[in-house]
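The values are calculated or read from the model by the stated rules, or taken from the named source; none is laboratory data. Since this is a predicted model, take the numbers as computed values, not measurements. Every residue, glycine among them, receives a Cβ derived from its backbone with ideal geometry; neighbour counts consider all protein chains shown.
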Amino acid sequence: MVVAKSNNLSDSLEDYLEDIFNLEGKSDVARSKDIAKLLGVAKPSVTGALKLLAKKGLVNYRPYGYVTLTDSGVAEAARVAGKHNIIKSFFVNILGVDAKVAQEAACKAEHALGPAIISRLLDFTDFITRTNGSGSDLADKFKRFRKRQHRINK
């Protein structure tokens, strides 16, 4: 499921693609000012990134116009978003981390973890959340274990 990074994208360009993907999912198009706001960067930085992404054939971009993903851009952005969601899901559903904290941590971790680790995280998350032979959910057992540990260590 997880494919290797393509198009030689920097972590920053992956973030741009992911945010454009998410914005398009909400309103069909993305605007430079919305991208700048999401990423907390200046509009000229967005313009530079969009020009690079357009050169790579990942976005359709014209100054003062809407930004849309090309078919290749959608595929690449879906890969990046999928990687992010796998990590966030692991943090929330397996480790029991607060969703907001997990979101921020996933943003940082998604660039550091390669496809082999992401693939194993996906498999592990799938395995651990399935009911094992005794009929108990291992992720739920872990959460109860953590609660007991915190009561003991207080």
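Within the range 1-20, how many residues turn out to be modelled with pLDDT of 55 or more and either among the aliphatic types (A, V, I, L, M) or in a loop (DSSP other than H, G, I, E, B) (or both)?
7
Could you tell me how many of the residues in the range 124-137 are modelled with pLDDT of 75 or more and in contact with a helix residue (DSSP H, G or I) (Cβ under 9 Å, 6 or more places away or on another chain)?
4
Assess whether Leu122 counts as being touching a residue at least 60 places away in the same chain (Cβ under 8 Å), part of a helix (DSSP H, G or I) and either out of contact with any Lys or Arg (no Cβ under 6 Å at 6 or more places or on another chain) or not basic (Lys, Arg) (or both).
For Leu122, the condition - touching a residue at least 60 places away in the same chain (Cβ under 8 Å), part of a helix (DSSP H, G or I) and either out of contact with any Lys or Arg (no Cβ under 6 Å at 6 or more places or on another chain) or not basic (Lys, Arg) (or both) - is met.
Test of understanding: among Lys88, Lys147, Lys83, which residue is of a type in the set (D, E, K, R), in contact (Cβ under 8 Å) with a residue 60 or more places away in the chain and either assigned to a helix (DSSP H, G or I) or surrounded by fewer than 15 Cβ atoms within 10 Å (Cβ to Cβ) (or both)?
Testing whether each residue is of a type in the set (D, E, K, R), in contact (Cβ under 8 Å) with a residue 60 or more places away in the chain and either assigned to a helix (DSSP H, G or I) or surrounded by fewer than 15 Cβ atoms within 10 Å (Cβ to Cβ) (or both) leaves just Lys83.
Output the qualifying pairs, or none if there are none: Cβ atoms under 7 angstrom, residues six or more apart or on different chains, first residue in the range 54-67 and farther than 13 Å from Lys33 by Cα, second residue surrounded by 18 or more Cβ atoms within 10 Å (Cβ to Cβ) and small (Gly, Ala, Ser).
Leu58/Gly73; Val59/Gly73
Tell me, which residue of the range 38-49 that is more than 24 Å from Gln103 (Cβ to Cβ) and either touching a strand residue (DSSP E or B) at 6+ places or on another chain (Cβ under 6 Å) or of a type outside the set (Ser, Thr, Tyr) (or both) is surrounded by the fewest Cβ atoms within 10 Å (Cβ to Cβ)?
Pro44
Scan the range 60-80 residue by residue and report those that are in a helix (DSSP H, G or I) and of a type outside the set (A, V, I, L, M).
Result: Asp71, Ser72, Gly73, Glu76, Arg79.
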